[in-house]
Every structure is written in structure tokens, then in C-alpha cells.
1. Would you work out the relative contact order for the chain, in percent, from Cα pairs under 8 angstrom that are 6 or more residues apart?
2. What's the ranking of 79-88, 179-188, 196-205 by average number of surrounding C-beta atoms within 10 Å, highest first?
3. Taking Cα centroids, how far is region 11-61 from region 261-277 in Å?
4. Pulled fully out, how much extra length does the chain show between residue 129 and residue 329, if you take 0.36 nm times their separation in residues and subtract their Cα-Cα distance?
5. Modelling each spin label as a point 7 Å along the Cα-to-Cβ direction, I'd like the residue 233/residue 104 distance in nm, to one decimal.
6. With r defined as the distance between the Cβ atoms of residue 86 and residue 164 and R0 fixed at 22 Å, what FRET efficiency is calculated, to the nearest 0.05?
7. For residue 288 and residue 245 in one chain, what is 0.36 nm times their gap in residues minus the Cα-Cα distance, to one decimal in nm?
8. If packing is taken as the average count of other Cβ atoms within 10 Å, what order do 19-30, 97-108, 134-145, 266-277 fall into, highest mean first?
């Protein structure tokens, strides 16, 4: 599997299974590990006697790395300085076998089996809906764990790995009855059948240049990784969609509340506006009435009466004074209309000069807009009868 693809989706939890093929049937060893930053913790290590029992205790949503060992698995140490060993390696038909190899400066270690052995096993696991993402042959991956354990000998499954100065020097299958050894890994303790699985997990997360292996078309790690990436993306999109939907619902409720308040305020504003317009109309009508009656003037009737009477000379007699006369005859069905700018004056005098002077002084008054002489008549006795029409201003 491409190491770059391994970084597309980071598997924090990984299941690894050793399928150990013995004379009495297959045994299954499950190791679950969890990656915490740079640490790789053992979650649990279990063993089963059947694939059905294994599946019952396995989360099939998590991809699996399998390791095949036991019957049908061969191990060989190849001395790179030996021509016969190099020739054997050169003549090996890689198309007919699956292998896992480990290299040291002087030796090439190889664990291999016929292709049909592994591919038959992968087919069985896939029939049980177990997603296989990668595989290893033999127990060579336990070498990676010895960097921490620093032992001169490790039992990996039922294969002895021999070390000299922390460098692998030998690989030999154990003879005799089945052995079990335990090794401390962090706070956990794992058996020799789980030890190479931990090494395989190390190689999965941090690819080692010293480990090499074959591939098979039955496993498509890219598809599994993209599928998991799609599932995660789908979950994120779904959660985001529901979050946006919930936010949209809350926003709609908030905006509906604000809209209701605005509608209520708008209703009150419309009513207030209607009342204000009505009051303004009433005000205009009342001002118009005041203007028509003359009561809106800054000067009252008493002012004009006072100004007029105080200006009358002693030799002029006023016989008639009418302030703001009616414009027309009063009728019950019509509004009473006054000519609020007109003052009608009638009188008599024996001195025309005094009358002329008085008229002239009235014309110069700041409250007189216009003065008209309606009529002047003189009798046989020399008395002049006059009628004046005064139009006032500043009303």
C-alpha cells in the first residue's frame, strides 16, 4: 500500500490478525492498537479458534491487516556474499509466491508461501465481510519491536529470530511442541503470536525501508481509504447540513419574531401617522377659520378701534364705525363670512382741511394697507358728510 495514501485517512485504531495455520486447523490472533500521536498503544490482544468467533468479536468497519504464518510458510536466510544464495534469490519466481522480506547489510531474510495460500485466505476473510487493507507473510515484522525490547532472541509466532548487537542474524522455525512467550510493550503484555502484529502496525504507520513485501490484486487499499474518506466526508457534510439547517431554523424564528415586532411597530406607526395627519388637517382648518375671522392677526379689533379713534380731530364727528363687515347676507345654510380686513367709517365735519389732514395721517399709519374715499357730500350749511373704506394690514 502506498505510504502517501496512508496519510489521506489516518487510522487511529487498527485491527491486526495473525492467521496461524497448524496441523489441527487455523488459529486466529487479534491485536487492536491505537495511535496517540507518536505512541502506539495496545488496546487488546485476543485469540480465537474459528473465524466465526473472530468475526463476532471484530468491528468490521475497521480495516484489517493480516499476517499469515505456520504450515505452508517458508523462511530463508540469504547470505548476500554467497554466490549460491544470490543465484537462488535471482531464480526465485516472484509471480508464484507472496513474500515479506527484511534486509540487513549482510543478509536478506525472506518469508514466503504459494500465492494460492494467501489469496484463498483473503477470499475467505472477505466473504465474512472483513476488510483486508494489507498483509504480511511470516514473523519477520517482529524485528521492528526488538529495537525496543533489545533481546538476543525473539519467538515470533513459532519462529526463532536471533540477534547479534541488535542486528538480525538468524531465522529458524522452532521444533517440538507449541511454545508461548510473553513480551512487555508499554503497559501491556503480548504473546509471541501478537508480537509480529505489533511490528506490522509499526510498519503500517511508519514505513521501514528494510521491510519489503509483495502485492495482490485482491486487496485495493486505495478503494478502502477513499471509501473511509468518503464516509468521513459524508458524516461531516451531514453534520454540517444539520447544523446549517438548525441555524437556519433558529435564524428564521428570530427573524419572524423581529418581523412581528416590526409589523406591530409599523401598525402603531401607521395609526400614529393617521392621527397626526388628522390633527394637522384639523389644525389647518382651525388656522384657516382664525385667518378668515381675523383672530390670527397679531393685532386685535381693539387696536384698530383705538388707533382710529385717537387719530380723529376734534372737529370731525364719527357717526358710523363698522369693523370687519359681513361679506354677504347671513343665511342659515351657509357659513357666516366676514371681510376681516375692512373697516367702514362714516362721519361729518365742517372743515375740509381737517378731513384732508386726517385722511393723510391715516394713510401714513403702519397698520393701514389702503384707504379709499367712498363718498363726500356737502349740504347747504357747509357740513361735509364722508364715507371711508380702510383696508388694514398685518392680519
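No lab work stands behind these numbers, since they all come straight from the coordinates. Only a predicted model underlies this, so the values are computations on that prediction, with no experimental measurement involved. Cβ sites come from the backbone with ideal geometry, for glycine too, and all protein chains shown count toward neighbours.
1. 11 percent
2. Peptide ranking by packing, descending: 196-205, 179-188, 79-88.
3. Here the two parts' Cα centres lie 75 Å apart.
4. Contour length minus Cα-Cα distance gives 60.6 nm.
5. With each label point 7 Å from Cα toward Cβ, the separation is 4.6 nm.
6. Efficiency, from the Cβ-Cβ distance: 0.50.
7. 9.3 nm
8. Highest to lowest by the protection proxy: 134-145, 97-108, 19-30, 266-277.
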